[in-house]
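The values are calculated or read from the model by the stated rules, or taken from the named source; none is laboratory data. The structure presented is a predicted model; accordingly, all values stated were derived computationally and were not measured. Using ideal geometry, Cβ is built from the backbone for each residue, glycine included, and neighbour counts are taken over all protein chains shown.
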Amino acid sequence: MKTAISYKNVKKFYGDLKAVNGISIDIKQGEFFGLLGPNGAGKSTMINMLAGLTKASAGKISVMGYDVQKNYQEARHAVGIVPQELVFDPFFNVREMLRFQAGYFGKGKENDKWVDEIIERLDLTDKASTNMRMLSGGMKRRALIAQALVHKPPVIVLDEPTAGVDVELRQKLWAFIKDLNKAGHTIVLTTHYLEEAEELCNSVAMLRAGKVVAMDTTKNLLRKFSTKNLKLRLNFKDEKKLPIKIAHIPHQITEDFYTFQLKKITDITEITEGLKQSKIEIIDIQTVDTDLEDVFLKLTNAKK
Amino acid sequence: MVTLKTQLIGTWTLIKKELIRFWRVAFQTVAAPVITGMLYLVVFSHVLQDRLEIYEGVSYTSFLIPGLIMMSLLQNAFANSSSSLIQSKVMGNIVFILLSPLSYIQFFIAFIVGAIVRGLFVGLAIYFLAIIFIDLPIHHPWIVFWFALFGGGLLGAFGIIAGIWADRFDQMAAFGNFVIMPLSFLSGVFYSIHSLPTIWQNISQLNPFFYMIDGFRFGFFGQSDVSPYLSLLIVFLFFITLSFAAIQMLKSGFKLRT
C-alpha cells in the first residue's frame with residue numbers, strides 16, 4: 001500500500017521545550033490511524049506541522065508524496081484538517097462558509113452540488129442558511145468537519161473531533177467518518193477517548209513528551225500487552241486482608257474490588273482455593289481483558 | 001491539481017469574501033465614514049467658506065472636498081485590511097485561509113483589493129453627495145484615479161502589516177489613533193502647507209499622506225503645492241515599499257504560522 005502521510009525524523013523545538021523530538025511515522029493510504037497521547041504529548045503539533053500552520057525545526061513531512069513545505073499547495077489540496085478549536089467566521093452562514101472554503105481550493109460552482117451533499121450528510125440542511133454565530137457547539141463541530149471535506153481531500157485529519165460533543169452526535173460523526181474511510185479516504189485521528197481509538201483505528205501511535213512510545217496495528221498492540229484480569233468483590237469475615245497464599249499474585253484494590261493480574265489460567269484456581277480456605281466469600285466475579293487504555297497507561301508509565 | 005484556473009478561483013474567492021465581509025456591515029464600514037466626512041465638510045465650510053481662498057478661483061468648500069474624499073478613502077482602506085486580519089486572528093478563523101493552498105501573493109492581492117474597493121466606495125459616496133451641493137469638476141480624471149488606486153493600495157498594505165503585527169484590538173486601535181489619524185490630519189486636508197511656517201512645511205513634506213492629498217487634489221483643480229508627478233512617484237514608492245514589507249511578513253508567516 002502507498003504512503004498517505006510520512007513523518008521522517010521530525011522535530012519541533014520551542015526554545016528549550018522539545019514539543020516533538022524525532023518522530024518518524026508512515027501512514028498508509030486507506031488507513032484509519034490514531035494519534036494518542038496525554039495533553040502536551042505533541043499530537044496537535046504533529047497535525048499543525050502537517051497542515052503548514054507550524055514549521056518543523058527538522059525533518060521532513062509529506063502528504064500523498066508532496067512535501068508540506070516545498071509543495072505546500074499540492075500537499076494542502078491532498079489533506080482536509082478539522083481543527084480542535086470551534087472556530088468560525090461570524091459574517092457568514094454555513095453554506096457560504098463551505099462555498100468560500102471550496103473556492104480557496106480552486107473549486108468553482110461545479111462543486112456546489114458536493115457542498116450540498118456534505119451539508120445533507122452531516123444533518124446541517126436545516127441550518128445551511130443560519131449564521132455560524134447562531135449554531136450550537138455540536139453544529140459548529142459538524143460545520144468544521146464539512147469544511148475539511150469541501151475539496152474532496154484523500155486524507156482527512158481530525159484533531160480531537162469529539163471533544164465536548166454529546167454521545168448521540170459522537171456516534172453519528174463516527175458513522176460518517178467510518179463511511180469516508182470505507183470510501184477510500186485515509187483518516188488520522190487524535191483523541192483522548194481511547195475506547196474510540198480502539199473501536200475505530202486500524203493502527204495507532206502513542207506519543208509521550210514528543211516521542212513515539214508505541215506504534216503498531218491496534219490488534220497487535222492489544223495482543224502484545226494483553227493480560228487477563230480477575231476482578232472480585234469479596235466479603236471479609238474479619239479484617240480486610242488477603243490470605244498469604246494468594247497475596248503474592250499482583251493485584252489492585254479499587255473500592256470493594258480486588259483485581260488480580262493472571263499470568264496463567266491456573267491462577268484462578270489458586271485464588272479461589274485460597275479465599276475458600278480463609279473463609280472469604282466471593283460476592284461478585286468478572287474477567288477483564290486489556291484495553292487500549294491499559295496499554296497506554298502501561299507504556300506511558302513505563303517510560304516515565 | 002494546482003492550475004492557473006484553481007489559482008484564479010482561489011484569489012477571486014478570497015477577494016469576494018473580503019468584499020462581502022465589509023458590505024454585510026456597510027452601515028458601519030461605509031455609511032458611518034461618509035457621514036463623518038460630510039460633517040467635516042458642513043462644519044469647516046460653514047466656518048471658513050468666506051474667510052479663506054487657498055487656490056485662486058477655488059472656494060474653500062471646493063478645496064476641502066477632494067482632501068476629505070482622499071482622507072476617508074485612505075482611512076477606510078487601512079481599516080478594511082487591518083480589521084479583517086485582526087478579527088480573523090482573534091476569532092481564530094484565519095486558520096481557514098492558512099489551511100488552504102492560497103499563496104502569500106494571493107492573500108496579499110485579495111486583502112489589497114478589498115481595501116481599495118472599500119476606500120473607493122467611501123470616497124465615491126462622499127463625492128456624489130458633495131456634488132449635489134457644490135460644483136466640482138475633475139480636470140485630470142486619470143490623476144484622480146491613480147492617486148486613489150495607489151493611495152488605497154498603500155494604506156491597504158499598511159493595514160496588512162498592522163493587522164499581522166497586532167495581537168489585540170487595543171494594539172490595532174493604537175495604530176489608528178497614533179499613526180493614521182495624525183498623519184491624515186496633518187497632511188493638508190484642511191489647508192495648504194504654504195500657509196504654514198517654513199519648519200512645518202518641511203515637516204509636512206516628510207508625511208506621505210501630504211503627497212496623496214496634494215496630488216489627488218491636483219486632479220480636481222489642476223493646482224497643487226508640489227508637482228503631482230513627484231507626488232505620484234513618492235506615493236508609488238511608498239506603495240511598493242509597504243507592499244514588499246507586507247508580502248515578506250506573509251511569506252515568512254510572521255505571527256501567523258509558528
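Looking only at residues in the range B:2-47 that are loosely packed, with under 13 Cβ neighbours inside 10 Å and over 20 Å from the mean Cα position of the chain (by Cα), which one is farthest from the other protein chains (Cβ to nearest Cβ)?
B:V47
Could you tell me whether any residue of the range A:113-120 is away from every other protein chain (no Cβ under 14 Å), farther than 20 Å from B:L99 by Cβ and touching a strand residue (DSSP E or B) at 6+ places or on another chain (Cβ under 8 Å)?
For the range A:113-120, residues away from every other protein chain (no Cβ under 14 Å), farther than 20 Å from B:L99 by Cβ and touching a strand residue (DSSP E or B) at 6+ places or on another chain (Cβ under 8 Å): absent.
Can you tell me which condition B:S100 does not meet? The list is (1) farther than 29 Å from B:G215 by Cα; (2) assigned to a helix (DSSP H, G or I), and all the others hold.
(2)
Exactly one condition in (1) closer than 30 Å to A:Q84 by Cβ; (2) in contact (Cβ under 8 Å) with a residue 40 or more places away in the chain; (3) within 14 Å of another protein chain (Cβ to nearest Cβ); (4) in a helix (DSSP H, G or I) is not met by B:Q87; state its number.
With respect to (1) closer than 30 Å to A:Q84 by Cβ; (2) in contact (Cβ under 8 Å) with a residue 40 or more places away in the chain; (3) within 14 Å of another protein chain (Cβ to nearest Cβ); (4) in a helix (DSSP H, G or I), B:Q87 is out only on (2).
State the number of residues belonging to the range A:271-283 that are of a type in the set (D, E) and more than 16 Å from A:K231 (Cβ to Cβ).
Total meeting the criteria: 1.
Among what's in the range A:45-72 and is in a helix (DSSP H, G or I) and crowded, with 21+ Cβ neighbours inside 10 Å, pick the residue that is nearest to the other protein chains (Cβ to nearest Cβ).
The qualifying residue nearest to the other protein chains (Cβ to nearest Cβ) is A:A51.
Can you name every residue in the range A:234-251 that is out of contact with any Gly (no Cβ under 9 Å at 6 or more places or on another chain) and farther than 21 Å from A:K298 by Cβ?
Result: A:L234, A:N235, A:F236, A:K237, A:D238, A:E239, A:K240, A:K241.
Does A:T254 meet the test of being surrounded by fewer than 12 Cβ atoms within 10 Å (Cβ to Cβ), out of contact with any Ser or Thr (no Cβ under 9 Å at 6 or more places or on another chain) and more than 26 Å from A:L297 (Cα to Cα)?
no
Looking at the range A:73-88 only, could you name the residues that are within 7 Å of chain B (Cβ to nearest Cβ), surrounded by fewer than 23 Cβ atoms within 10 Å (Cβ to Cβ) and not hydrophobic (A, V, I, L, M, F, W, C)?
Restricting attention to the range A:73-88, the residues satisfying the condition of being within 7 Å of chain B (Cβ to nearest Cβ) are A:73-74, A:76-77, A:81, A:83, A:85, A:87-88.
The next check asks that each one be surrounded by fewer than 23 Cβ atoms within 10 Å (Cβ to Cβ); those that pass are A:73-74, A:85, A:87-88.
A:Q73, A:E74, A:E85, listed by residue number.
State whether one or more residues within the range B:183-200 are touching a Gly at 6+ places or on another chain (Cβ under 9 Å), in a helix (DSSP H, G or I) and closer than 15 Å to B:N76 by Cα.
No - not one qualifying residue is present in the range B:183-200.
Which is more than 10 Å from every other protein chain (Cβ to nearest Cβ), touching a residue at least 12 places away in the same chain (Cβ under 8 Å) and farther than 14 Å from A:I177 by Cα, of A:L149, A:L135?
On inspection, the qualifying residue turns out to be A:L135.
Search the range B:90-101 for residues being aliphatic (A, V, I, L, M) and touching a residue at least 40 places away in the same chain (Cβ under 8 Å), and hand back the single one that is farthest from the other protein chains (Cβ to nearest Cβ). Give the derivation first.
Initial filter on the range B:90-101 (aliphatic (A, V, I, L, M)): B:90-91, B:94-95, B:97-99.
From the residues that got through so far, the ones that are touching a residue at least 40 places away in the same chain (Cβ under 8 Å) too are B:90, B:94, B:97-98.
Values: B:V90: 11, B:I94: 9, B:I97: 7, B:L98: 6 Å.
The selected residue is B:V90.
Only one residue in A:K211, A:K263, A:K231 is surrounded by fewer than 16 Cβ atoms within 10 Å (Cβ to Cβ) and either modelled with pLDDT of 80 or more or over 30 Å from A:A41 (Cβ atoms) (or both), so which one is that?
Exactly one of A:K211, A:K263, A:K231 is surrounded by fewer than 16 Cβ atoms within 10 Å (Cβ to Cβ) and either modelled with pLDDT of 80 or more or over 30 Å from A:A41 (Cβ atoms) (or both), namely A:K263.
If you check B:I213, B:I240, which single one turns out to be touching a residue at least 12 places away in the same chain (Cβ under 8 Å) and of a type in the set (V, I, T)?
From the options B:I213, B:I240, the qualifying one is B:I213.
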